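> Before anything else, here's the structure in question.
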Amino acid sequence: MHTVVAIKQVPDTTNVRINPETGTLIREGVPAIINPYDLHAVELAVRLKERFGGKVTVITMGPPKAAEALIECVEQGADRCILITDRKFAAADTLATSYVLARAIEALQEEGPIDLYLFGLQAIDGDTAQVGPGVATRLNVPLITYALHIESIDPEARVAVVHRKTERGIEVLRTRLPALLTVLKEIAPVQRAPLANMIRAARYKPEVWSSTDPVAFDQAQIGIRGSPTVVGRAYTPAPRQAGDVIRVSELGLQECVRRALQNIQASGAIDLASIASAKRPTDGNGGEHS
Amino acid sequence: MANKLTFDAIVVGGGPAGTSAAITMARAGLQTILIERGRFAGAKNFFGGVLYTHALDAVLPDWQSRGPALERPVTDTGYWLLSPDSVLRFTQKSERFKKVPAESYTALRANFDPWFAQQAVDLGVLVITKTTVTGFLRDEKGRVIGVTTDRPDGDVYAPVVIIAEGVNNLLTQQLGLAKSDLPPRFVALSVKEYLGLPEKEVEARFGLSGPDEGVAIDVFGDATLGLPGTGFIYTDRAGISIGCGLLLEQLVINNLKPYEILARFKNHPIIKPYLEGAERLEYGAHLIPETGYDRMPTLYTDGVMVAGDAAGMVDALHREGTNLAMIAGKIAGETAVEAHKQRNFSAEFLKEYRRRLQDSFVLKDLKQYRRMTDFLDSTPHFMETYVNFANEAAYRYFTAHGMAKRDMEKEIIRLLTRRRSFLGVAVDMIKLLRGMRG
């Protein structure tokens, strides 16, 4: 079973600050990590390899520094890693990125069949969740977003049953393979890598693909030229005002409740009149609480 | 796991001692694995800031052509005696300091250690990060033949293990080489901030003519509230490292928080102008073993040698540590190479490591200053008494009050005797001399 995973190196947004003047991320001094969802995608691919044999290929588009993220994938058990890097790819939006990844995957398809494509749900720096679906569309393969669990997978029969998280519940979907999944963290817990993997990773050098070699990307569709997205303005939302504090110790319970109700009424959030006219519970437990 | 992971040598820890040992062994052709628990070598490391080039010369003779991550050469160095409102400076600035390479450089460990470890990688060392060594593998006679780690299938075998695990020497204790945790009397806690400031501004404030000049100052007295310890100020290329260290026990006895002492130091009227407008880029704290020669762990056993902070190799008086660690690492590495030649990894053979250290400045210096920590421990008033006295005396000396000089001299003597009896002074001086002379 051959799984291709696409990952992204992102700034650790738990540490990131925003420049108040320009509204852009201050990336300086912020550690770069593998996008957390992507790490679970790699983990799933490795678990599938352990079960069915085969291999795991990881690709990423990014600056040369993104090689670090690929080496971490080797630590987790990836077999082959490809870094697609070139100054010409810089400033790509999701359209240009999905073009590059799809073309790279097509080049890999020429080397041999691929059974599954895995992407993280979304990158924590952009939060768009568009690149996975964009690649699926370009490759013309079935797409399952928000993949939560793989119930069954049969590389021979080329079919899988996947649980997908939705707002209303869980969808259980049967798909033919190859398919493209964008995954949630629950899809596979990240396991501590065995020492042998660490040793292999320490010696591993990722393959490097440029914008012309070995794949001749359409220069009009990559980087800033291939990116119609314009960021109009980025800003930090103003902090919310603290709410009113009404102290029982100062005003007494009655007065506090009266004022709270007054505030709620004034805000218009709830129609108190309709609540008051509703029937009170009569099961005997609705009595007074001390 | 089908095949055992086997190497010629294992090094635990990617600091100066471990990396030096690994480089030495790799250059002699030993298959060497270095295991570091941090995300990268140096991720856990922190120091005030001066590196000595004699140690780099010894370990990596062509270090200059390898683009070392250093900040500024030290061309102006010495002591400041700081009282609550004054400073008396004993510093030397010399054209002799301006040779290339300089005797010492300021450095930031978050940059230097990864660079140093990369040199080891380039020389063939296998550096494994994010992996903690948890214990030892032994043969039927109990001799160490490898280590266990916190990873699945994590056992690694080698006939010799060099432990350079740092101040928190749990493995050294596990082997019984160190008898216990470091007692608070013999360990200092150092806190430091790295403050960013434009290069030109650093140079203007410290009187430096360019990036090939730098300052390294140890500050005694009010920097640590007069308690046994030191403050320090080092110039980096575009920033200042400022911090202070106190014996842990003093912090406990006096109920002090190290960051409060540093904040106070930074706000001292003499110090503050140097730091004006600088932005704090990094802060941290680290323990410094000041165990001294007499309480050093045993440095070797069957299949094992210990180097660096794990063995208490710090000369606090001269703020030296990394150079002792690097030289000790190198000697441990050389001993391992010899051991491989003789196929003998017994404690009896590895004793050679300690013998060679005794011939080097490492153990000679540690032996000479064996009483230094005891001196500070037994004369906690020392800094405050004499630093404040020196400043008072200098103030009288450098000003004119229409007073006869003879009377001024008498007053200076009185300033001292008010603080300490003649006998007390004599005892302090004898203790200091003993501290210095071993």
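The values are calculated or read from the model by the stated rules, or taken from the named source; none is laboratory data. Note that the structure is predicted; figures quoted are calculated from it, not measured. Neighbour counts are summed over all protein chains in view; Cβ atoms, including those assigned to glycine, are modelled from backbone coordinates with ideal geometry.
> Pick out the one residue from B:Val156, B:Val191 that is farther than 18 Å from B:Tyr283 by Cα and in contact with a Phe, Trp or Tyr (Cβ under 7 Å, 6 or more places away or on another chain). Full working, then the answer.
On the way: B:Val191 fails: farther than 18 Å from B:Tyr283 by Cα.
None of the other options fit; the residue is B:Val156.
> Considering only residues that are farther than 17 Å from B:Asp218 by Cβ and touching an Asp or Glu at 6+ places or on another chain (Cβ under 8 Å), look in the range B:84-99 and name the one that is modelled with the lowest pLDDT.
B:Lys98
> Quick one: which of B:Gly135, B:Gly78, B:Gly142 is touching a residue at least 40 places away in the same chain (Cβ under 8 Å) and either in contact with a Ser or Thr (Cβ under 6 Å, 6 or more places away or on another chain) or crowded, with 16+ Cβ neighbours inside 10 Å (or both)? Let's see the steps before the verdict.
Values: B:Gly135 fails: touching a residue at least 40 places away in the same chain (Cβ under 8 Å); B:Gly142 fails: either in contact with a Ser or Thr (Cβ under 6 Å, 6 or more places away or on another chain) or crowded, with 16+ Cβ neighbours inside 10 Å (or both).
Only one candidate passes the filter, namely B:Gly78.
> Kindly indicate whether B:Glu348 is surrounded by fewer than 21 Cβ atoms within 10 Å (Cβ to Cβ), in contact with a helix residue (DSSP H, G or I) (Cβ under 9 Å, 6 or more places away or on another chain) and assigned by TED's automatic domain parsing to the domain that holds B:Phe136.
no
Matching residues to (1) in contact with a helix residue (DSSP H, G or I) (Cβ under 9 Å, 6 or more places away or on another chain); (2) within 14 Å of chain B (Cβ to nearest Cβ):
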residue	(1), (2)
A:Gln9	yes, no
A:His40	yes, no
A:Gly54	yes, no
A:Ala69	yes, yes
A:Lys88	yes, no
A:Ala102	yes, no
A:Glu110	no, no
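> Now, a different point. Report, by residue number, each residue of the range A:7-44 that is in contact with a Lys or Arg (Cβ under 9 Å, 6 or more places away or on another chain) and modelled with pLDDT of 95 or more.
Of the residues in the range A:7-44, the ones in contact with a Lys or Arg (Cβ under 9 Å, 6 or more places away or on another chain) are A:9, A:11, A:16, A:23, A:25-26, A:30-32, A:34-40.
Across the range A:7-44, the qualifying residues are A:Gln9, A:Ile34, A:Asn35, A:Pro36, A:Tyr37, A:Asp38, A:Leu39, A:His40.
> Among the residues of the range A:168-201, how many are outside any loop (DSSP other than H, G, I, E, B), free of Cβ contacts under 8 Å to residues at least 40 places away in the same chain and within 14 Å of chain B (Cβ to nearest Cβ)?
3
> Further question: Filter the range B:351-379 down to the residues that are in contact with a helix residue (DSSP H, G or I) (Cβ under 7 Å, 6 or more places away or on another chain), under 30 Å from B:Arg418 (Cβ atoms) and surrounded by fewer than 19 Cβ atoms within 10 Å (Cβ to Cβ), then identify the one that is modelled with the lowest pLDDT.
Residue satisfying both the conditions and the ranking: B:Asp377.
> Restricting attention to the range B:128-167, which residues are in a loop (DSSP other than H, G, I, E, B), more than 14 Å from chain A (Cβ to nearest Cβ) and among the β-branched types (Val, Ile, Thr)?
Taking the range B:128-167 and keeping what is in a loop (DSSP other than H, G, I, E, B), we get B:129-132, B:139-143, B:150-155, B:158-159, B:164-167.
Subset that is more than 14 Å from chain A (Cβ to nearest Cβ): B:139-143, B:159, B:164-167.
Answer for the range B:128-167, where residues must be in a loop (DSSP other than H, G, I, E, B), more than 14 Å from chain A (Cβ to nearest Cβ) and among the β-branched types (Val, Ile, Thr): just B:Val167.
> Tally time: how many residues in the range B:103-127 are buried (at least 19 other Cβ atoms within 10 Å of the Cβ) and more than 14 Å from every other protein chain (Cβ to nearest Cβ)?
Residues in the range B:103-127 being buried (at least 19 other Cβ atoms within 10 Å of the Cβ) and more than 14 Å from every other protein chain (Cβ to nearest Cβ): 9 in total.
> Out of the residues in the range B:158-199 that are under 20 Å from the mean Cα position of the chain (by Cα) and among the acidic types (Asp, Glu), state the one that is nearest to B:Ile10 (Cα to Cα).
Of everything passing the filter in the range B:158-199, B:Glu165 is nearest to B:Ile10 (Cα to Cα).
> May I pose another question? A:Val141: touching a residue at least 24 places away in the same chain (Cβ under 8 Å), in the same structural domain as A:Ala104 (by TED's automatic domain parsing) and crowded, with 20+ Cβ neighbours inside 10 Å, yes or no? Even if it seems obvious, please write down each step before you answer.
Numbers: touching a residue at least 24 places away in the same chain (Cβ under 8 Å): yes; in the same structural domain as A:Ala104 (by TED's automatic domain parsing): yes; crowded, with 20+ Cβ neighbours inside 10 Å: no.
When the stated conditions are applied, A:Val141 does not pass them.
> When the residues of the range A:202-249 are filtered to those that are of a type in the set (D, E, K, R), surrounded by 12 or more Cβ atoms within 10 Å (Cβ to Cβ) and assigned to a loop (DSSP other than H, G, I, E, B), which remaining residue is modelled with the highest pLDDT? Walk me through how you get there before you give the answer.
Within the range A:202-249, the subset of a type in the set (D, E, K, R) is A:203, A:205, A:207, A:213, A:218, A:225, A:233, A:240, A:244, A:247.
Subset that is surrounded by 12 or more Cβ atoms within 10 Å (Cβ to Cβ): A:207, A:218, A:225.
Going one step further and asking which of them are assigned to a loop (DSSP other than H, G, I, E, B), we end up with A:218, A:225.
Working: A:Asp218: 96, A:Arg225: 92.
Looking at residues that are of a type in the set (D, E, K, R), surrounded by 12 or more Cβ atoms within 10 Å (Cβ to Cβ) and assigned to a loop (DSSP other than H, G, I, E, B), I get A:Asp218.
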